[in-house]
Amino acid sequence: MLKNYRFGSIEAKGKTYTDDIKVIDGEVVPDWWRNSGHRLAAADIQDILTADPDILVIGKGNSGNMAVPDSVADKIREAGIELVAENTGSAVETFNRLLDEGKNVAGGFHLTC
């Protein structure tokens with residue numbers, strides 16, 4: 001589903017995005033912006049939590065500069081969702097692998113730093 005990730009760009013479902021994206025129930029949610037930019041907050045992923053995937057893959061940026069605070073990770077796990085947080089290149093590979101395995105997976109991908 002996700003292809004050609006490079007700093008600042010990703011292809012999803014045949015369309016190229018240059019702003020951060022989320023993928024929920026197989027649908028791309030473009031222009032994902034977080035309240036604190038490089039720090040994930042629970043409110044930034046409320047729609048993902050509501051969708052109740054089994055796994056949430058977070059792409060923390062090319063160099064991993066987007067932080068996933070322990071409090072947010074705990075909230076995700078308390079919702080019964082497995083969290084995978086990696087640099088975006090690795091996160092894209094993980095997301096695609098899980099999707100190919102038939103897992104109920106959602107994602108949030110920071111495309112730059």
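All of the numbers you see were taken from the coordinates with simple rules; none came from a lab. Note that this is a predicted model, so its numbers are computed, not measured. Note that each Cβ is placed from the backbone with ideal geometry, even for glycine, and that neighbours are counted across all protein chains shown.
Assorted remarks:
- Full-stretch length increase - R77, N65 - with 0.36 nm per residue and alpha-carbon distance subtracted: 2.2 nm
- Partners for K13 among lysines (Cα-Cα distance below 28 Å; same-chain residues under 8 apart left out): K3, K22, K60, K103
- Secondary-structure-derived ellipticity at 222 nm for the chain, considering helices only, amounts to -7000 deg cm²/dmol, per-run term -39500 (n - 2.57) for DSSP H runs with n ≥ 4.
- Summary value for region 2-109: 30 percent relative contact order, contacts being C-alpha pairs under 8 angstrom separated by 6+ residues.
- Charge tally in the Cβ shell below 10 Å around A41, where Lys, Arg are +1 and Asp, Glu are -1, A41 excluded: +2
- Checking [x] 13.5; [y] 15.1; [z] 14.4 against Kirkwood radius over Cα pairs in Å calculated from these atoms, the matching label is [x].
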